[in-house]
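Worksheet: the structure to be examined is printed underneath.
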Amino acid sequence: MAFLELHNLKKTFGKTEAVADFNLDVEKGELVSFLGPSGCGKTTTLRMVAGFEVPTTGRIKINGVDITDNPPNQRPVGMVFQAYALFPNMTVAGNIGFGMKIARKPAEETRRRVDEMLELIHMLGLGDRYPYQLSGGQQQRVALARALALSPQLLLLDEPLSALDAKIRVSLRSEIRAIQRKLGITAIYVTHDQEEALSLSDRVVVMNGGRMEQVGQPFEIYNYPKTEFVAQFVGTLNAVKAEVTDAASRTLRIEGQHIQAAAGLDGVRNGDRVMIAIRPERLSFTTEGVKANLLDCSIENITFLGSIVRIQVLVGSLTLHMDTFNNPFLELPKIGEKVQITFSREAVLALSQEKST
Amino acid sequence: MNRFRYWSWFWLAIGAIYFFLPLVATAEFSMRAQKGTLSLLAYQRVLEDKEFVSSFLFSLRMALLTITFGILLIVPTAYWVHLRLPRMRPLVELLTLLPFVIPVIVLVFGMIRVYSSPPFLMTTTPATTDILLVAGYMVISLPYLYRSVDVGLRAMDVRSLTEAAQSLGAGWGTILFRIILPNLRTAALTGALLTLAIVIGELTLAQYLARPAFGPYMNLLGKNRAYEPAALSIMSFALTWAAMGVVYWLTRGEQAQIGGGH
């Protein structure tokens, strides 16, 4: 039995289906991210777990107990909101201890727990400050401490870092992960930021149009996307239309040049049109001795992205992106220069097929 | 730049003259009760008048009751509209504006007609008539009190605060009295101040319900005396400014919270 069980969850608003066929089991201590674009249903699903939305159909169980019909204040969950939602009229300590006071815990226990939480978020000594006296990052840490103070069985985080600047986002997400691991708490993390989801999670649920597209470990999601949407949404991708020229050897034609795929083209016939994808980091300039999957192209543009250099190459009329690690000794070609690029057969991901008539 | 600054000062001076000149003239006139010299005789007469003190205290009591029941009615209503019925907001706003359209005289005659005969007989005793009076005051102060509370609610993230409190185990009463109301302090005080000003000066309701309020007293005084009404005007002006000062003093921390976030 999983710790959190979501069975056939469905939510409709009028005629709009926000979430459908949502089934997920989350193990104790696991951090699972819901990843997807705006309106994909990830926040609605989280809100159903929190009790802020009532599922149209389906059940929610935590530790074997069905909580579907429980109001939000009677669920063993703590929640962190995108907009922090700290109570402006209370100090940091007042905010963190609020849940304890509601639960009528003794004052001494509340004070001790508040101190523990302040230490956990590295804010000891700031308990007397008001939310308006804190930075955005500090406010979100207080919100996290407040959600954890009552030792909930499940922690829900609704895009907690979206309102913060890039640098704080990166440091705070590591902090959140460290705290979650230290406490061994089960957590659901909603985000539209793929980097956040991939770097934080034990598993990622990619959602689109209210449905789950794929569930898997970050490595799996990135390297083996099961649907075209996942491939397109997670990471940068070169999506290319190709024609099958030899189904037996999985040979494809792109802009008059031939390449081979290692897998994923089962059932195709010669003449079929297929959509394939190749990650930019799987492309490289040809070195001596490479004979397969070579593409003649010309350099269209070069963009410096810090640790990565993104090179746009033109294969016939098709533009492909190629990523290479930056280093001070990197010798880059000139724009317009004719070059050859290559990639392994395993780098070719088959996304969809279109049968020839 | 300099020219722009001079014009700013010019318009500020014009505004100040427009507002303060009549006030200065009234104050000067109120001190002319004693022939040939400036004195506070009119103020002394007003303060010595037992009717003044009793009518003012009566209206103050009615104002406090109006503010209390008004806030108890408006805050939960406006909060619920913000939280659960945002589509109803235009309709509720329209309802709160009705007192601007329906004259107080219509309201008071309607009340007298309905509540002066069974089964809702309420105009026979002072206590029950005061209930009608407070209810009437609540209606005429509705646009001001609702708007103040509405502005306060718009300034905070009502939904997130509510949900955060719920996820920490709070029920509706706790959320309303420990989260929403404390954060509406400025808005509620502003609304309360406006209500106080309206109730203290209100004439029609109190006169037709035959209650000894400050409005009818001022009206009577204005008809029979020369200098005392001017003294009363200055006193009520000072009272209003003092009340605003109190509001500012009480909410100075909250203003820093609104302006100091980063």
| Can A:A93 be described as part of a loop (DSSP other than H, G, I, E, B) and either closer than 25 Å to A:Q180 by Cα or modelled with pLDDT of 95 or more (or both)? | no
| field | Scope the stretch A:135-148; condition more than 9 Å from every other protein chain (Cβ to nearest Cβ) and of a type in the set (A, V, I, L, M); matching residues | value | A:V142, A:L144, A:A145, A:L148
| note | Checking A:D246, A:D296, A:D266 in turn, the sole residue that is over 21 Å from A:G316 (Cβ atoms) and without any contact (Cβ under 8 Å) to a residue 60 or more places away in the chain turns out to be A:D266
| What are the residues in the stretch B:185-195 that are aliphatic (A, V, I, L, M) and open to solvent by less than 40 Å² (accessible area, probe 1.4 Å), if any? | B:A187, B:A188, B:A192, B:L193
| field | Restricting the stretch A:43-54 to residues that are part of a helix (DSSP H, G or I) and open to solvent by 10 Å² or more (accessible area, probe 1.4 Å), the residue that is nearest to the other protein chains (Cβ to nearest Cβ) | value | A:R47
| So is A:A149 open to solvent by 10 Å² or more (accessible area, probe 1.4 Å) and among the aliphatic types (A, V, I, L, M) or not? | no
| So which residues in the stretch A:111-134 are assigned to a helix (DSSP H, G or I) and away from every other protein chain (no Cβ under 14 Å), if there are any at all? | A:R111, A:R112, A:D115, A:E116, A:L118, A:E119, A:L120
| query | Does A:G137 satisfy being farther than 24 Å from A:L200 by Cβ and part of a helix (DSSP H, G or I)? | reply | no
| task | Scan (1) in contact with a helix residue (DSSP H, G or I) (Cβ under 6 Å, 6 or more places away or on another chain); (2) at negative phi; (3) surrounded by 20 or more Cβ atoms within 10 Å (Cβ to Cβ) for the single condition A:A85 breaks and write down its number. | result | (2)
| query | Out of all the residues in the stretch A:153-175, which are under 15 Å from A:H122 (Cα atoms) and either polar (S, T, N, Q) or within 15 Å of the chain's Cα centre (by Cα) (or both)? | reply | A:S171, A:R173, A:S174
| Of the residues A:A83, A:A103, A:A107, which single one is farther than 22 Å from A:E175 by Cβ and facing another protein chain (nearest Cβ under 7 Å)? | A:A103
| request: Run down B:Y227, B:Y217 and say which single residue is in contact (Cβ under 8 Å) with a residue 40 or more places away in the chain and closer than 21 Å to B:S59 by Cα. | output: B:Y217
| Residues of the stretch A:58-80 being touching a Gly at 6+ places or on another chain (Cβ under 7 Å), outside any helix (DSSP H, G or I) and at the interface with chain B (Cβ under 10 Å from one of its Cβ atoms), which ones? | A:P71, A:R75
| field | Search result, residues across the stretch B:235-253 that are among the hydroxyl-bearing types (S, T, Y), surrounded by 14 or more Cβ atoms within 10 Å (Cβ to Cβ) and either at pLDDT 80 or above or farther than 23 Å from B:R45 by Cβ (or both) | value | B:S236, B:T251
| task | Working only within the stretch B:142-184, note down all residues that are among the aromatic types (F, W, Y) and either open to solvent by less than 10 Å² (accessible area, probe 1.4 Å) or at the interface with chain A (Cβ under 7 Å from one of its Cβ atoms) (or both). | result | B:Y146
| task | Might you let me know whether the stretch B:12-26 holds any residue that is over 18 Å from B:L133 (Cα atoms) and either touching a Ser or Thr at 6+ places or on another chain (Cβ under 7 Å) or outside any helix (DSSP H, G or I) (or both)? | result | yes
| said: Could you tell me how many of the residues in the stretch B:82-104 are in a helix (DSSP H, G or I) and surrounded by 12 or more Cβ atoms within 10 Å (Cβ to Cβ)? | reply: 12
| Selected residue (criterion: nearest to the other protein chains (Cβ to nearest Cβ)) from residues of the stretch A:91-100 that are more than 21 Å from A:A187 (Cβ to Cβ) and in contact (Cβ under 8 Å) with a residue 24 or more places away in the chain | A:G97
| request: State yes or no: is A:N23 under 30 Å from A:Y130 (Cβ atoms) and in contact with a Leu (Cβ under 8 Å, 6 or more places away or on another chain)? | output: no
| note | Within the stretch B:27-64, of all residues that are of a type in the set (S, T, N, Q) and open to solvent by 50 Å² or more (accessible area, probe 1.4 Å), the one farthest from B:A192 (Cα to Cα) is B:T37
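The values are calculated or read from the model by the stated rules, or taken from the named source; none is laboratory data. On a predicted model such as this, the values are computed, not experimentally measured, just so you know. Virtual Cβ from ideal backbone geometry, glycine too; neighbours counted across all protein chains shown. Only protein heavy atoms, including side chains, enter the accessible area calculation; ligands, DNA and RNA are left aside. Shrake-Rupley method; radii C 1.70, N 1.55, O 1.52, S 1.80 Å.
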